C-alpha cells in the first residue's frame, strides 16, 4: 500500500489531480502494482479525505495531545516522538496531527513503522495541498543513517 501512496505523491501534485478511482486503479495495475495493494491504498485515501474534512481547524494552536492505549500500541514510542518533533518544529499543527494519528490508526496490523508514518505525514500534507518546508522534507525522505554531517 505504501508503495502506491509514494507513487501518487511523486506523480500527482494534489489529490484532485488524480484520475477517478477506476481509471487510477487501471493505471496502477498497468504499472505493476498488486490489486490488493491498490484497493488498500485507495480505501486509505478515501479515509484521508474524510479525516481531513472532519479535522480541519478543530483544535487551537496550543492544544496538548494525550494518546490512548490503542494509539500508543499502534504508533509506538518512536512514531509518537516523531509526531512530537514535528509539532515542536511548528510544521504539524494540531489539526494535521489528528489526521496523521487517524490515518496511522487505519493501518492494519501491528505497530506502524517510522518510515510508514513519514509517508502518512507526507500524504496528509499532499491531501491538503501543502508542501512541507525543505528541512522537514529532508527529515521525511532521507534515512538518518544516510545523512552526511558537515
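Note on residue 37 and residue 77: the extension gain reaches 11.7 nm, defined as 0.36 nm multiplied by sequence separation minus the Cα-Cα distance.
Once you have the alpha carbon radius of gyration of segment 93-133, what is it after dividing by 2.2 N^0.38 Å, with N set to its residue count? If you can, show how the numbers build up before the last one.
Working: Rg = 10.2 Å, N = 41, 2.2 N^0.38 = 9.0 Å.
So the Cα radius of gyration is 1.13 times the expected 2.2 N^0.38 Å.
Sequence gap at least 6, Cα distance under 8 Å: using those rules, report the relative contact order of segment 2-146 to the nearest whole percent. Write out the running numbers ahead of the final one.
Numbers: 109 pairs, mean separation 44.4, N = 145.
With pairs under 8 Å counted, the relative contact order is 31 percent.
At an R0 of 22 angstrom, the distance between the Cβ atoms of residue 21 and residue 116 translates into a FRET efficiency of 0.50.
In the distance distribution for segment 2-146, Cα-Cα pairs more than 20 Å apart total 48 percent.
Taken together, the values in this text are just the output of simple stated rules run on the coordinates, not laboratory data. On a predicted model such as this, the values are computed, not experimentally measured, just so you know. Every residue, glycine as well, gets a Cβ built from its backbone with ideal geometry; the counts of neighbours run over all protein chains shown.
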